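What follows is a set of notes on a single structure, which appears directly below.
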Amino acid sequence: QVRLVESGGGLVQAGVSLRLSCAASEGTLSRYGVGWFRQAPGNERKFLAAISPLSDHIWNPNSGRFTVSRDNEKRIVYLIMENVKPEDTAVYYCGANFHTASWAPDLDDTYAYFGQGTQVTVSS
């Protein structure tokens with residue numbers, strides 16, 4: 001079992017870079033694949049990026065502005081967002097699951113654990 005805590009959100013101006021962190025307050029995060037999602041008001045949770053336990057596989061359809069990485073020694077997975085835009089305003093969640101055949105990184109219902117999320121608000 002792992003307990004996830006997201007941080008790094010807040011109110012920022014458009015155009016800056018922002019680094020979100022996903023840490024494990026309990027459990028060993030290095031055992032899990034980790035994905036990032038976001039959910040804007042009235043919208044479904046949307047997949048952003050995911051990374052395998054050893055960083056040998058990365059799923060990132062938003063590679064133009066978003067980068068996912070992890071530091072297993074620090075037990076943290078990062079999402080770096082560059083040139084943020086008002087439309088990036090949302091609650092950002094990280095999820096974790098064992099890297100097995102049943103895990104589809106882009107599908108949130110294949111994740112066993114999610115954190116509480118961190119709010120990102122981008123002003124124009």
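The values are calculated or read from the model by the stated rules, or taken from the named source; none is laboratory data. Only a predicted model underlies this, so the values are computations on that prediction, with no experimental measurement involved. Cβ coordinates were reconstructed from backbone atoms using ideal geometry, including for glycine residues, and neighbour counts include every protein chain displayed. In case anyone asks, the SASA skips ligands and DNA or RNA and just uses the protein heavy atoms, side chains included. Shrake-Rupley method; radii C 1.70, N 1.55, O 1.52, S 1.80 Å.
Those strands (runs of 3 or more DSSP E) of region 25-123 in which 1 or more residues are out of contact with any Cys (no Cβ under 9 Å at 6 or more places or on another chain) and basic (K, R) occupy 32-39, 46-51. Scanning region 85-106 finds no residues that are open to solvent by 30 Å² or more (accessible area, probe 1.4 Å), in contact (Cβ under 8 Å) with a residue 12 or more places away in the chain and on the phi > 0 side of the Ramachandran plot.
Considering each of S25, S55 in turn, give the residue that is surrounded by 13 or more Cβ atoms within 10 Å (Cβ to Cβ) and over 26 Å from S123 (Cα atoms). Checking each option against the conditions leaves just S55.
Looking only at region 28-38, which residues are under 16 Å from Y113 (Cβ atoms) and open to solvent by 10 Å² or more (accessible area, probe 1.4 Å)? Please lay out each step first, then the result.
So the first thing to find is which residues in region 28-38 are under 16 Å from Y113 (Cβ atoms), and the list is 28-37.
Matches in region 28-38: T28, S30, R31.
Annotation note: Cβ proximity below 6 Å between a residue of region 22-48 that is under 17 Å from P105 (Cβ atoms) and a residue that is acidic (D, E) (sequence gap 6+ or interchain) occurs for C22/E6; F37/D108; R45/D108; F47/D106. Given the conditions (1) surrounded by 13 or more Cβ atoms within 10 Å (Cβ to Cβ); (2) in contact with a Lys or Arg (Cβ under 9 Å, 6 or more places away or on another chain), which single one is not true for L18? Going through the list (1) surrounded by 13 or more Cβ atoms within 10 Å (Cβ to Cβ); (2) in contact with a Lys or Arg (Cβ under 9 Å, 6 or more places away or on another chain), L18 breaks only (2).
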